[in-house]
Amino acid sequence: MDLFSSISLGFSVALDPFNILYCFVGVLLGTLVGVLPGIGPTATIAMLLPITFSLNAETALIMLAGIYYGAQYGGSTTAILINLPGESSAAVTAIDGYQMARQGRAGPALAAAAIGSFFAGSVATFLLAAFAPPLARAALNFGAPEYFSLIVLGLLVSIALAHGSILKALGMIVLGLLLGMVGQDIYTGTPRFTFGLRELFGGLNFVAVAVGVFGVAEILRNLENEHEREVGVKAVKNLWLTRDDIRRIIMPVLRGTGLGSILGILPGGGHILSAFASYSAEKRLSKNPEEFGKGAIEGVAGPESANNAAAQTSFIPLMTLGIPAHPVMALMIGAFILQGITPGPNVINEQPALFWGIIASMWIGNLLLVILNLPLVGLWVKMLSIPYRVLFPAIVLFACIGTFSINQNVYDIYAIAFFGIVGYLLIRFGCEPAPLLLGFVLGPLLEEHLRRAMIISRGDPMIFIERPISATLLAMALAAVIVAVLPSIRRKRAEVFVEED
Amino acid sequence: MALNASKNDLASGAIFVAFGAYFALEAMRYEFGTPFRMGPGFMPIVLGGILVALGIAVAAKGIGKPDEEAAPPWPWRGIALVLGTVLFFAATIRGLGFIPVVLISGFVTAMSSVKNNLVSALIISVGLCVLCLLIFVVGLGMIVPLVGPWLRF
C-alpha cells in the first residue's frame, strides 16, 4: 500500500463522526489537564485507561493520543498567562510568554504558540506517516538480541536526557525493572515477590503504579506548600499577529519543528529537551539576544513548535517497535494491550486501519486544538480559577474508582497508596519518577528478550556483540552514557535545565 | 546536629539499598539457573545487586555536600488523610458500596487541605459523589453495589 492510499484509509477512519467526537473529547481533556497544574497527561491517561475498555481500539487510542498532544497546547496557555507551566515542557514558554502577557501582548503570544504548534504538529505527523512504515519493516527482522539491545538503549538514553543526578536516574530505572518482575515468571510460572497473594500473580497493575507515582505523589508534593494561583490576565483581547510578528516567528517555527521532530524520537522526555534546545538555539541565532527573557516572540514560537513536533514524533518508536519513549507512551502500550493488540512492527500490517487512523486523527486533533485554544481561551482562563482544594479530592477519587473498575481488584488500590508514598519520598529526595515507570513497563520485555537471546546463543553473551544491529545499538547506548557523564556535557546539561527554575 | 552530607542523597540511597536488598534476598529462594537457561531468580538477583550498589553510590556522593536548600515542610496531614483515604477506599468498597465510600473518601481527602473547612469539604464530597456516579456507574456501566452488603439490614 502506498503512502497516499494509506493516508486516505486513515482519514476514512479518523473522519468517522464517532471518532471525531472522541478525538475532540481527547484534545479537550488534554487541554484541560494541560491548563490545570498539579495533574498532567500521565496521570490522566492512566485514570482514563479503564474508560477506554468499552470503546473499540481505534476510538480509544485516538482519544488517548489526543489527551497527550492536547496537554502540550494547554500547558502553554497557563505558562503564558500566569507564568505557571501546566506541563513540564511548557516551562520554557513561560520565560518570554509571561513577559509578553505582562506587556499586554498575551493575545499574540497565545497565537504564536498555537500557530507554531499547529504547523509543527502537522509536519511531524507527516514525518511519522512517512518514516514509520520503513522502520517497522526493518524492525520485523529484529530478533531477541536486537530487542534486548534496543531496550537497553532506550533506558540509557532516557537517563542522558533526564535532568538531575545520573546515578539517581539509573537507580530509578533499576527499581522500575525490579518492580516489573513482580508476578509469575514467564518461563517457569514461579510466582515472584507476590507475598503469596494470588491477586499479584499477574504482576503489579501498571495503572496503579502510574497513578500512584504521578497522581498521588504529585498531590502530596503540592500539599507541602499550598498557595492560590493568581490569574494576572483576566481577559485576552486581540489575538492577531502583526505583520512584523509573523516575519519574526517564521524561522523559529521552522527550526523548532526540525529540532523537535528529531529529539522527539529519543526516549525519556524528548519534548522537554527539544523545547529547551530550541530556546537556546533561538537566543543564540537572534540578532537581539538581549530581548530574550523580556518578551521575545521568538522565544515563544520556537519552543512551542519544538515540543509539539516532539510530542508527535515520539509515537514513532511506539508504533514501529513497540518500545515507549516515555511514560505517556508506556501507558499507550498498556492501552494497546488492553485492546488485545501487541504493539510493535506488526501493527502496521495487521491493523492498518488502526495505525493510519491514529495518524490521520492527529491532523484533525491539531486543527481542533487551534479552534479550542484561540477563540475559547477565555474559557481556559476561567478554568484556572478552580481552586486546587477542589481539584485534588477529585483526582484521588477518580484514581481509586478508575483503577478499581479495571479488574475489580482491591489490591490494585492498595498498590496506589504504596506507590504514592514511595513515589512521594523519592521525588522529595530528588529522584525523577519518569525513569521508574519506563523501567517498570520495559522490565518484563527486557527479561524475556534477554533469556530468549541466551537460549538462542546457548548461554554465550557474545551474541549481543556478534550481531551487527545489536552491536550498533549497544554501542549507541554506551555512547549515550559516556556523553552523559562527560564533565563538559554535564555542565551544558546543567545550563540548559537551569533556566527551568 | 549539623550533618555534613546531603540528606536527600542519603535518604534516596537508603531507599534504593532497601528495595535492592529485598528483591535480591527474596530472589535467592527462586531457582537461579545458568546463563544458558536463566531461572526466575537470575534477573532479580543481578538487578537487586546493581540497585544496592547504586544506592550506596548515591549515598556516598552526598557525603560532604549538604543540601543547598532547606527541605520543605512535611505535609503530615495530607499524607495521613490522602493515603488513609486510598486505603479506606480499598478496604470498604466491596462492603460499604459505592455511594458511602465515595462520600466519606471525598470528604476526608478534601479535609487534608488546610484551606478547606467542614462545610466546603461537605459540598465537595457531595458534588464529587454525584459526578462519579454519573461518569462511572451511569456513563460507563461500572458494576459495583451502590450500597454494600454491610449496610443492608
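The values are calculated or read from the model by the stated rules, or taken from the named source; none is laboratory data. Model, not experiment: these values are computed from the prediction. Cβ sites come from the backbone with ideal geometry, for glycine too, and all protein chains shown count toward neighbours.
Taking the stated definitions as given, is A:LYS382 without any contact (Cβ under 8 Å) to a residue 40 or more places away in the chain, closer than 30 Å to B:SER105 by Cα and away from every other protein chain (no Cβ under 14 Å)?
So A:LYS382 passes the test.
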note = For the stretch B:120-153, the count of residues that are in a helix (DSSP H, G or I) and in contact (Cβ under 8 Å) with a residue 40 or more places away in the chain equals 3
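Which one is nearest to the other protein chains (Cβ to nearest Cβ), of the residues in the stretch A:191-200 that are not charged (D, E, K, R) and not in a loop (DSSP other than H, G, I, E, B)?
Narrowing the stretch A:191-200 to residues not charged (D, E, K, R): A:191, A:193-197, A:200.
Among the residues that remain, those that are also not in a loop (DSSP other than H, G, I, E, B) are: A:191, A:200.
Numbers: A:PRO191: 9, A:LEU200: 13 Å.
Of everything passing the filter in the stretch A:191-200, A:PRO191 is nearest to the other protein chains (Cβ to nearest Cβ).
For the stretch A:318-386, list the helices (runs of 4 or more DSSP H) that sit wholly inside it and hold at least 3 residues that are within 17 Å of A:PHE118 (Cβ to Cβ); which are they? Spell out the reasoning first.
Working: elements: A:327-338, A:347-350, A:352-373, A:377-383.
Fully inside the stretch A:318-386 and qualifying: A:352-373.
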task = Among the residues of the stretch A:430-458, write down those that are over 23 Å from the mean Cα position of the chain (by Cα) and either in contact (Cβ under 8 Å) with a residue 60 or more places away in the chain or closer than 18 Å to A:ILE333 by Cα (or both).
result = A:GLU447, A:GLU448, A:HIS449, A:LEU450, A:ARG451, A:ARG452, A:ALA453, A:ILE456, A:SER457
request  = Considering only residues that are surrounded by fewer than 20 Cβ atoms within 10 Å (Cβ to Cβ) and in contact (Cβ under 8 Å) with a residue 12 or more places away in the chain, look in the stretch B:31-45 and name the one that is farthest from A:VAL174 (Cα to Cα).
outcome  = B:PHE32
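Looking at A:SER385, A:SER361 in this structure, which one is at pLDDT 80 or above and among the hydroxyl-bearing types (Ser, Thr, Tyr)?
Working: A:SER385 fails: at pLDDT 80 or above.
Selected residue: A:SER361, the only one of A:SER385, A:SER361 that is at pLDDT 80 or above and among the hydroxyl-bearing types (Ser, Thr, Tyr).
For every residue, the table says whether it meets (1) touching a His at 6+ places or on another chain (Cβ under 9 Å); (2) at pLDDT below 90; (3) closer than 30 Å to A:GLY34 by Cα.
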position	(1), (2), (3)
A:LEU391	no, yes, yes
A:ASN407	no, yes, yes
A:TYR424	no, no, yes
A:VAL441	no, yes, yes
A:GLU448	no, yes, no
A:ILE463	no, yes, no
inquiry  = Looking for something within 19 Å of the chain's Cα centre (by Cα) and part of a helix (DSSP H, G or I) - is there at least one such residue anywhere in the stretch A:95-106?
reply    = no
query = Tell me, which residue of the stretch A:411-433 that is under 18 Å from A:VAL396 (Cα atoms), surrounded by 19 or more Cβ atoms within 10 Å (Cβ to Cβ) and aliphatic (A, V, I, L, M) is farthest from the other protein chains (Cβ to nearest Cβ)?
reply = A:ALA415
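From the list A:GLY164, A:GLY203, pick out the single residue that is modelled with pLDDT under 80, part of a loop (DSSP other than H, G, I, E, B) and at positive phi. Write out each step before concluding.
Numbers: A:GLY203 fails: modelled with pLDDT under 80.
Sole residue among the options that is modelled with pLDDT under 80, part of a loop (DSSP other than H, G, I, E, B) and at positive phi: A:GLY164.
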